[in-house]
1. Take Thr88, Thr11, Thr80 and order them by how many other Cβ atoms sit within 10 Å, fewest up front.
2. Hey, rough spin-label estimate for Ser7 and Ser48, points 7 angstrom out along Cα→Cβ, what's it come to in nanometres?
3. State the dimensionless ratio Rg/Rh of the chain (Rg: radius of gyration of Cα atoms; Rh: Kirkwood radius).
4. For region 85-126, which trypsin sites (Lys or Arg not before Pro) are both in a DSSP coil and crowded by at most 14 other Cβ atoms within 10 Å?
5. Between Arg16 and Asn83, with labels modelled 7 Å along Cα→Cβ, what's the label distance in nm to one decimal, could you check?
6. Going by how many other Cβ atoms sit within 10 Å of their own, how do His59, His73 line up, fewest first?
Amino acid sequence: MPKPIPSELKTSPAERIVFNGPFEEKKNYPFSIINNGKEKIAFMIKLSNEMRTMCEPSHGVLDPGENMWIRVHLEEFKPTVENTQPNTLTIEYCFPPEGSDKNFNPSWFRLNVIIRRKHVALEYNA
């Protein structure tokens with residue numbers, strides 16, 4: 001029997017988050033994840049530049065139709081041509097084991113499940 005594939009996860013904004021300068025102080029950006037499917041999903045967020053950015057919460061479980069607000073934190077930095085290149089926020093998501101509750105467990109991603117990914121660009125407007 002084929003493994004089920006999670007429905008596409010929706011985000012708002014859909015494709016990119018733009019941080020506007022100046023970058024001498026910390027910034028926060030609200031970001032929404034929506035489970036558009038008919039089954040519960042587990043997600044975790046990975047960042048290409050963890051020294052500069054972090055997310056809160058960085059993982060969780062969403063019921064069908066549930067919307068969760070995430071804060072993307074940007075640390076202060078001195079902008080240069082090199083360090084203002086886009087970074088990536090990647091949301092990995094899968095179905096949690098049947099009967100599991102809303103307590104996230106990272107081991108679910110090591111089970112024999114299909115993991116989908118949604119990429120959102122992090123851009124810096126200096």
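1. Working: Thr88 14, Thr11 18, Thr80 9.
By the 10 Å Cβ count, ascending: Thr80, Thr88, Thr11.
2. Output for this residue pair reads 2.9 nm.
3. 1.02
4. Loop-located and lightly packed - Lys102.
5. Result for the modelled spin labels: 2.1 nm.
6. Values: His59 17, His73 13.
In increasing order of surrounding Cβ atoms, one gets His73, His59.
Every number here is computed from the coordinates shown, using simple stated rules; none is lab data. For clarity, every value in this text was computed on a predicted model and none was experimentally measured. Neighbour counts run over all protein chains shown; Cβ positions are idealised from the backbone, glycine included.
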